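Enquirer: I'd like to ask some things about the structure below.
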Amino acid sequence: MIFGHGDDGFKYREIRYNFSSNIYQHADLSELERHLCRYISDIRHYPEPEPVSLEKELAATLCIPEQCVLVTNGATEAIYLIANTLRQCGFEYFKHEKPTFSEYGDASRRYGLKWTENEDGKTIFWLCNPNNPTGSVYDKHTVLHMAQAYGMLVVDQSYEIFTQEPPLPPYECICNKKIVQIHSLTKRYAIPGLRLGFIVGAQDIIEKIKCNVLPWSVNSLAIRAASFLLKNDVEAVGDMDAYLAEAQRLRTNLDQIDGIMTLPTATNFMLVRVSGLTAAELKDRLAIRHKMLIRDASNFEGLDEHWFRVAAQTEEENDLLVEAIKDCLIR
């Protein structure tokens, strides 16, 4: 498990603007909060040993069999469950893009899998799509082609709503026994504190993964929240097209700053390189001087100490970030 991830504002006295987590910080969760208050007494009782009721709701929403869905305590639990299960199924190696989310490598190594450059039937390929931290996206035809080269392709679609590129649909995943999908309700609904994710795959692989799930891994309020959000078709971002356009405007403005270079992105977040300072130094200056938080990306494998990541917020906040970075680079 990595430390130094995004949303670590607890390290500073006060943070007013959070660009560090790939989540839209202005989602209206007021109705959800009121709903959960009505069910706060649920904390007096155990939740379902397995969140079957929520799995049924998700399956109905996705138009797939409920036996092909497994709800998890966030996408991170899903990653570790899959790594453990596939190791038990005879997989020996893993591979992923660089840079990408660190938990794929951590989970693989924890269960004895070894890194390989080869493509073979005993290798798990972890594909973050859209990729964190770069924001790059593969189309579904490329994803299906990649699955042919490996024993199993695990596609983490946690950021699937934050791109205009159509993702691989769950029904195509369950028809292909060499693909397992990870989805994040945490990201979709901007509720990282509740820890909610789910796995989609062919029934036989889901049954194997369930053998490694601990009882009561998903709490009662998380189940209540997910059910409410699904039934009410809640959207964390009201106008996704406008939001993604704003992310591109932010990238353009950042790229015009001397000492700043951004990579192309197809999502709401972007990877940025700073010259003259380290990302850690820039992060501290922004937090202390301007009460702004960015993600120091130097602990992603393949990146050095000059890389950081930001996620677009409102137009006003994005403009403030651009001006704050200018200030931090000149003094």
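Enquirer: Name every residue in segment 268-285 that is within 21 Å of ASP8 (Cβ to Cβ) and in a loop (DSSP other than H, G, I, E, B), in order of residue number.
Expert: ASN268, LEU277, THR278, listed by residue number.
Enquirer: Of the residues THR134, THR116, which single one is surrounded by fewer than 20 Cβ atoms within 10 Å (Cβ to Cβ) and either in contact with a Cys (Cβ under 9 Å, 6 or more places away or on another chain) or of a type in the set (S, T, N, Q) (or both)?
Expert: THR116
Enquirer: Of all the residues that make up segment 126-153, how many are in contact with a Gly (Cβ under 9 Å, 6 or more places away or on another chain) and aromatic (Phe, Trp, Tyr)?
Expert: Selection size over segment 126-153: 2.
Enquirer: Please go through (1) farther than 26 Å from PRO166 by Cα; (2) crowded, with 18+ Cβ neighbours inside 10 Å; (3) in contact with a Phe, Trp or Tyr (Cβ under 9 Å, 6 or more places away or on another chain) for THR267 and return the number of the only condition it doesn't satisfy.
Expert: If we test THR267 against (1) farther than 26 Å from PRO166 by Cα; (2) crowded, with 18+ Cβ neighbours inside 10 Å; (3) in contact with a Phe, Trp or Tyr (Cβ under 9 Å, 6 or more places away or on another chain), just (1) comes out false.
Enquirer: Of everything in segment 8-55, what is basic (Lys, Arg) and touching a strand residue (DSSP E or B) at 6+ places or on another chain (Cβ under 8 Å)? Give them in sequence order.
Expert: Listed by number, the list holds a single entry, ARG16.
Enquirer: Same structure again: What single numbered condition from (1) under 16 Å from ILE182 (Cα atoms); (2) among the hydrophobic types (A, V, I, L, M, F, W, C); (3) at pLDDT below 95 fails to hold for ALA149?
Expert: Of everything listed in (1) under 16 Å from ILE182 (Cα atoms); (2) among the hydrophobic types (A, V, I, L, M, F, W, C); (3) at pLDDT below 95, ALA149 misses just condition (1).
Enquirer: A further question on this structure: Quick check, is ILE288 among the β-branched types (Val, Ile, Thr) and in a helix (DSSP H, G or I)?
Expert: On the way: among the β-branched types (Val, Ile, Thr): yes; in a helix (DSSP H, G or I): yes.
In short, yes.
Enquirer: Out of curiosity, is LEU254 assigned to a helix (DSSP H, G or I), closer than 27 Å to SER102 by Cα and not acidic (Asp, Glu)?
Expert: yes
Enquirer: Tally time: how many residues in segment 88-104 are touching a strand residue (DSSP E or B) at 6+ places or on another chain (Cβ under 9 Å) and farther than 22 Å from PRO130 by Cβ?
Expert: Summing the residues that are touching a strand residue (DSSP E or B) at 6+ places or on another chain (Cβ under 9 Å) and farther than 22 Å from PRO130 by Cβ in segment 88-104 gives 4.
Conditions tested, residue by residue: (1) under 17 Å from ILE206 (Cβ atoms); (2) modelled with pLDDT of 95 or more; (3) under 23 Å from the mean Cα position of the chain (by Cα); (4) of a type in the set (Gly, Ala, Ser).
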position: ILE40; (1), (2), (3), (4): no, yes, no, no
position: VAL71; (1), (2), (3), (4): yes, yes, yes, no
position: TYR80; (1), (2), (3), (4): yes, yes, yes, no
position: TYR104; (1), (2), (3), (4): no, yes, yes, no
position: TRP115; (1), (2), (3), (4): no, yes, yes, no
position: ASP120; (1), (2), (3), (4): no, no, no, no
position: CYS128; (1), (2), (3), (4): no, yes, yes, no
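Enquirer: Where the second residue is part of a loop (DSSP other than H, G, I, E, B) and hydrophobic (A, V, I, L, M, F, W, C) and the first is on the phi > 0 side of the Ramachandran plot and lies in segment 131-155, which pairs have Cβ atoms under 8 Å and are six or more apart or on separate chains?
Expert: Qualifying pairs under 8 Å: GLY135/LEU263; GLY135/ALA266.
Enquirer: Given ILE40, ILE23, ILE15, which one is outside the structural domain of GLY135 (by TED's automatic domain parsing), under 22 Å from ILE191 (Cβ atoms), among the aliphatic types (A, V, I, L, M) and surrounded by fewer than 21 Cβ atoms within 10 Å (Cβ to Cβ)?
Expert: ILE15
Enquirer: I've got another one for you. Run down PHE162, PHE198 and say which single residue is in contact (Cβ under 8 Å) with a residue 12 or more places away in the chain, within 19 Å of MET240 (Cα to Cα) and of a type in the set (A, V, I, L, M, F, W, C).
Expert: Numbers: PHE198 fails: within 19 Å of MET240 (Cα to Cα).
Going through PHE162, PHE198 in turn, just one is in contact (Cβ under 8 Å) with a residue 12 or more places away in the chain, within 19 Å of MET240 (Cα to Cα) and of a type in the set (A, V, I, L, M, F, W, C): PHE162.
Enquirer: So, one more: Look through LEU62, LEU86 and report the one residue that is touching a residue at least 60 places away in the same chain (Cβ under 8 Å) and within 21 Å of VAL218 (Cα to Cα).
Expert: LEU62
The values are calculated or read from the model by the stated rules, or taken from the named source; none is laboratory data. Predicted model, so just to flag it, every value in this text is computed and none were measured. FYI the Cβ positions are ideal-geometry reconstructions off the backbone, even for glycines, and counts take in every protein chain you see.
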